[in-house]
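To start, the structure under review is shown below, and the notes come after it.
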Amino acid sequence: QVQLVESGGGLVQPGGSLRLSCAASGFTWDYYAVGWFRQAPGKEREGVSCISSSDDTTYYADSVKGRFTISRDKAKNTVYLQMNSLKPEDTAVYYCAAGYGSLDTDEYDYWGQGTQVTVSS
């Protein structure tokens, strides 16, 4: 049973930074990619970034390219999302998910409970 737990969210001013963590258990890196998604109130869930089961393949939504970086520590079974230059429009609940990859929610089978990120002055 795959379980994903997000942490690291909080309140930050515009231009600030946060690092989100996704701790996984029951996870097989050979089988699952990991993605980060976000959902703002009244909006659909959207893909932010993902990292494949291979070492080097990453993907980013155009809205976060150059600001967000996804990485993983296989020894700790943890995936991170470093978020820099945060904007108010980044405010959302952020979810990590495990699946086959891409920024499409339909590609993911397992989801965490989410962590709130609020960017406000």
Taking the chain and dividing mean pair separation by its residue count, relative contact order in percent (alpha carbons under 8 Å, at least six apart): 36 percent
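Send over the per residue convex hull volume for the chain, Cα only, as a whole number of Å³. Walk me through the numbers on the way to the answer.
Details: hull volume 10.9 nm³, N = 121.
Per-residue hull volume (Cα only) is 90 Å³.
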At q = 0.13, 0.20, 0.25, 0.27 Å⁻¹, what log₁₀ I(q)/I(0) does a Debye calculation on the Cα points of the stretch 1-62 give, no solvent, two decimals? -0.45, -1.01, -1.28, -1.32
Between S53 and S121, the FRET efficiency computed from the C-beta separation at R0 = 35 Å comes out, to the nearest 0.05, as 0.35
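At 1.4 Å probe size, with every protein chain present, just tell me what the per residue accessible area of the chain comes to in Å².
On the way: 6250 Å² over 121 residues.
Accessible area per residue: 52 Å².
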Which residues does a label at S25 reach in the stretch 74-88, if reach means a backbone N under 14 Å from a point 7 Å past the Cα toward the Cβ? 77-78
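What's the longest piece of the chain with no exposed trypsin sites (Lys or Arg not before Pro), counting a site as exposed if DSSP puts it in a loop and it has at most 16 other beta carbons within 10 Å?
On the way: sites that count: K43, R45, K65, R67, K74, K76.
In the chain, the maximal stretch lacking such sites is 77-121.
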Using a 1.4 Å probe over the heavy atoms of the protein chains, calculate the carbon and sulfur portion of the accessible area of the stretch 1-90 as a whole percent. 45 percent
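Pop the C-beta distance of D109 and L11 into the FRET formula with R0 = 41 Å and round what comes out to the nearest 0.05.
Values: r = 31 Å, r/R0 = 0.76.
The pair D109/L11 has a calculated efficiency of 0.85.
The values are calculated or read from the model by the stated rules, or taken from the named source; none is laboratory data. What you see is a predicted model, and the numbers here were worked out from it, not measured in a lab. Cβ atoms come from the backbone with ideal geometry, glycine included; neighbour counts cover every protein chain shown. Heads up: the accessible areas ignore ligands, DNA and RNA and are worked out on the full protein's heavy atoms, side chains in. Shrake-Rupley method; radii C 1.70, N 1.55, O 1.52, S 1.80 Å.
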